[in-house]
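The structure appears right after this line, and notes come after that.
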Amino acid sequence: MRPTLQSRIRDGIERLRGNAEPEAEDKTMSQTRPETSEELLEAIQNTDPVSDPADDLTTGVEGTERTAGPIRPGEQADHEAEQLRGERDALLDRLARLQAEFENARRRADRERSEFREYATGSAVEQFLPVLDNFQLALKANGTAEQLRTGVELIAKQMEEALRSLNVVPVETAGVPFDPRLHEALGNVESAELPDGQVFDEVRRGYRLRERLLRPALVRIVSNPQQKRA
């Protein structure tokens, strides 16, 4: 067994400094130990370097990598193409699912809108069925003209109540200035007693659904010559 480079250097340094005596070695080691610095130098030059275990591990890993070899350009292109095809198929499947969900949501919204419209129409018609019944009873009655008039007035009040239950209210006209957003002018009436531009009377009633105008009120407007000259 040949002595290692480290042991020879350590022994030579101890021998040169004289700080320590080398321990007893076996016969083979005593025969190969250098006695002088020249022999030590020669021994160092002739000694084979000892490979580090870490280097052996690294060499083994590198050898394994070299054995595997690099990926060929054609194989890499095929791998990328296969990956792209998989992504494409996933996106197409997702798109088909989204289209189906959108179509189902659209149909459901149309069905709900139609059902709501039918419900709203039915609720409105239900309010006027009693009014229609009273009109039919009035037509069958054999009373006087005054009794017929009283019956029609009651039916008109019942109609107004039905409209009010649907948030439909008449447009205000009595004693208010003419408003083109709510009123429609049928003509002018000269009067020196009323302010110019005020609603004189109502020819046809207008109605609003909350803030929405269903139809304007048909009115006549006051024309005051004195205020116009002033």
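Please enumerate the residues belonging to the stretch 205-230 that are surrounded by 13 or more Cβ atoms within 10 Å (Cβ to Cβ) and either over 53 Å from the mean Cα position of the chain (by Cα) or among the β-branched types (Val, Ile, Thr) (or both).
Val219, Arg220, Ile221, Val222, Ser223, Asn224, Gln227 - these are the residues of the stretch 205-230 that are surrounded by 13 or more Cβ atoms within 10 Å (Cβ to Cβ) and either over 53 Å from the mean Cα position of the chain (by Cα) or among the β-branched types (Val, Ile, Thr) (or both).
Going through Glu153, Glu118 one at a time, which residue ends up being farther than 30 Å from Ile221 by Cβ and among the acidic types (Asp, Glu)?
Result: Glu118 is the single residue among Glu153, Glu118 that is farther than 30 Å from Ile221 by Cβ and among the acidic types (Asp, Glu).
Within the stretch 161-171, identify whether any single residue is free of Cβ contacts under 8 Å to residues at least 24 places away in the same chain, part of a helix (DSSP H, G or I) and hydroxyl-bearing (Ser, Thr, Tyr), and answer yes or no.
no
Filter the stretch 166-204 for residues that are more than 53 Å from the chain's Cα centre (by Cα) and charged (D, E, K, R) and give the result.
Across the stretch 166-204, the qualifying residues are Glu190, Glu193, Asp196, Asp201.
State whether one or more residues within the stretch 137-147 are under 40 Å from the mean Cα position of the chain (by Cα) and closer than 30 Å to Asp201 by Cα.
No.
Taken together, the values in this text are just the output of simple stated rules run on the coordinates, not laboratory data. The shown structure was predicted, so the numbers you read here are calculated from the model rather than taken from an experiment. All Cβ positions, even for glycine, are placed from backbone atoms using ideal geometry, and neighbour counts span all protein chains on display.
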